[in-house]
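Quick notes on the structure that follows.
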Amino acid sequence: LEQYATEVTELPSYAGFSPRLYGRAVETEQVERILARDGKSNVILVGENGIGKTIIISALAKRLALGQSLGAIAYKHILKLDVGTLLAGSNNTYDIEDRFRLLFADALRAGNIILFVEDIHMLFDSSGAVGTINAGELLLPFLTSARLQIIGLTTPEHYHKTIAKDQSLLQAFEKVEVLEPTKENVYAILRDVVPHIEARERAWILFQAMHIAIELSDRYIKTAPFPEKAIALLQESAVYALTKRQHLVTASDVEAVVERKTGVPLGTSAHTAESSKLLSLENDLHTRVIGQNDAISVIANAMRRARSGIASEKKPIGGFLFLGPTGVGKTETAKALATTYFGSEEHMIRFDMSEYQNSDSLSRMIGHDDESGLLTTQIIDHPFSLVLLDEIEKAHPKILDIFLQVLDDGRLTDALGRTADFTNAIIIATSNAGAEMIRESEVAEGGMLTKEKILNQLQEQGVFRPEFLNRFDAIVIFKPLTPSQEEQIAMLMFADLNRRIKEKGITVSVDEDALKKVVSMGFSKEFGARPLRRVMQDTVENIIAKKLLSGEITRGSTFVLTTQDLDMNTTQI
């Protein structure tokens, strides 16, 4: 026991910790009551790494050592089991099993030992560090003894993967959930932790820096819980300040560190830049999206409401449902918004909802058994994203139900117990439902009556439920394109082509007749502008490539595309 376990009060991390310090008095008392009772007196603490599980053990160890705990466990010793050392130095399964038996038997004889095991799931998971030995079977007989108790730590994900699947373990352990502390408790924690950071880094942290560390880590850091993320942010901010040869850590230093970690501009200048971006959002979107003035105004207004602080911070940045025929700019608007707001189309996460038509597909979204969900994993890994749900009307009703929660609460918990935070994401769902009615109606400027008719029809047909439609910040109608708008889109594609071939020193233009012909080849009533990109690639780019190779187009020249070029290319095809 002395070889493979260490008394908690002797650990270097123990110094200075107390229940008050880390705001875990309630959980500490709950663990104490479980340990002091007869039967099922083993505890498993379940919470994310960094949430404060270990400090509960430290606080309890102090109470036991001082005789301040309940009488049944007073003066007992909490020993931390070093599983790594226990496994080290032998590849022989039988040797390791003997070590486990001897260690537990030693603790049992002592009669006053509470064993503390971090990442206890590793003892029961064949893919963990214990490997080939069955540590669970070795441990179970000791769990029923009144002379030995065990406290285990694990995360919600590993609890669901291992502990929750084993009925014998569920009967042996009492589960205590350790939730994130409130921001008020985090501030109390930081007041006691900051002196340790200051002493180690030889820097002084201002109160304003503490406050903003809590607010910014709450808003922008979703990969770790409180209090760890606030403490880690202050530590990084202190190091950042020292790299600038200053020993005073200010709010600006904290903002700078968050900017580096997330890529999201912060501070006064960044706020001014974002305000400018939001005020000019229509103009920015119009550079890529043609003929959807009303739609873009609705989107821009909703985005401004969200970022001005009027809208709830507990919901996604924006939630939109785009309705309209194929090829009128719904997906292009989503791409443009991702680029304008997040800086790149790479910040767009796209789901084809036609692949989620069955009830079984829910498990693909939020995970099942040992597998994580596609949606939750993407948002956990990329919280600053635009989520595009293409053809949402084709999704199974159970899939729509999870987006009711996402749009309302900004959070979604997957099958492994991990929570994905959508408050830094934009949600856009697109649908072709009602497209024929939209085509026929010729939506007028500000045509609210037509919009209401379309939505009523979709609800009557059972396409969307009222509660689903009501969750969106805005439902946006995309109108069919006119011939002149189709030509504008074609010109945007020619401009994009010129940007791509700029380094070759040539320019491509198109005469009026050739433009009309390209448009006629690339647009259809059924698919809108969608075929145009293929026409540009298979026809226009082919013509230019041949002329470049043949030397007909040389560096510094301008090539004017004519109908003759188009006719010749068609003949050759």
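Being crowded, with 16+ Cβ neighbours inside 10 Å and under 17 Å from LYS330 (Cβ atoms) holds for only one residue in ALA490, ALA474, and it is ALA474. Candidates are the residues of segment 99-120 that are basic (Lys, Arg) and in contact with a Leu (Cβ under 7 Å, 6 or more places away or on another chain); the one that is farthest from THR85 (Cα to Cα) is ARG101. Total residues in segment 327-355 satisfying the condition of being modelled with pLDDT under 95 and within 14 Å of ILE392 (Cβ to Cβ): the figure is 0. Filtering VAL193, VAL178, VAL186 for residues that are over 30 Å from ARG109 (Cα atoms) and touching a Leu at 6+ places or on another chain (Cβ under 7 Å) leaves a single hit, VAL178.
All conditions in (1) closer than 30 Å to LEU139 by Cβ; (2) without any contact (Cβ under 8 Å) to a residue 24 or more places away in the chain; (3) under 24 Å from the mean Cα position of the chain (by Cα) hold for GLU228, with the sole exception of (2). In segment 41-66, which residue that is of a type in the set (A, V, I, L, M, F, W, C) and under 12 Å from PRO227 (Cβ atoms) is modelled with the lowest pLDDT? The extreme case among them is ILE55.
Would you confirm, using the coordinates I've provided, whether VAL443 is among the aliphatic types (A, V, I, L, M) and either modelled with pLDDT of 95 or more or in a strand (DSSP E or B) (or both)? So VAL443 does not fit the description; no. Checking THR554, THR539 one by one, the residue that is assigned to a loop (DSSP other than H, G, I, E, B) and either within 26 Å of ILE438 (Cα to Cα) or of a type outside the set (Phe, Trp, Tyr) (or both) is THR554 and no other. Just so you know, in segment 370-411 the residues that are in contact (Cβ under 8 Å) with a residue 60 or more places away in the chain and part of a loop (DSSP other than H, G, I, E, B) include one that is surrounded by the fewest Cβ atoms within 10 Å (Cβ to Cβ), and it is ASP370.
The values are calculated or read from the model by the stated rules, or taken from the named source; none is laboratory data. Predicted model, so just to flag it, every value in this text is computed and none were measured. Positions of Cβ are backbone-derived with ideal geometry, glycine not excepted, and every protein chain shown enters the neighbour counts.
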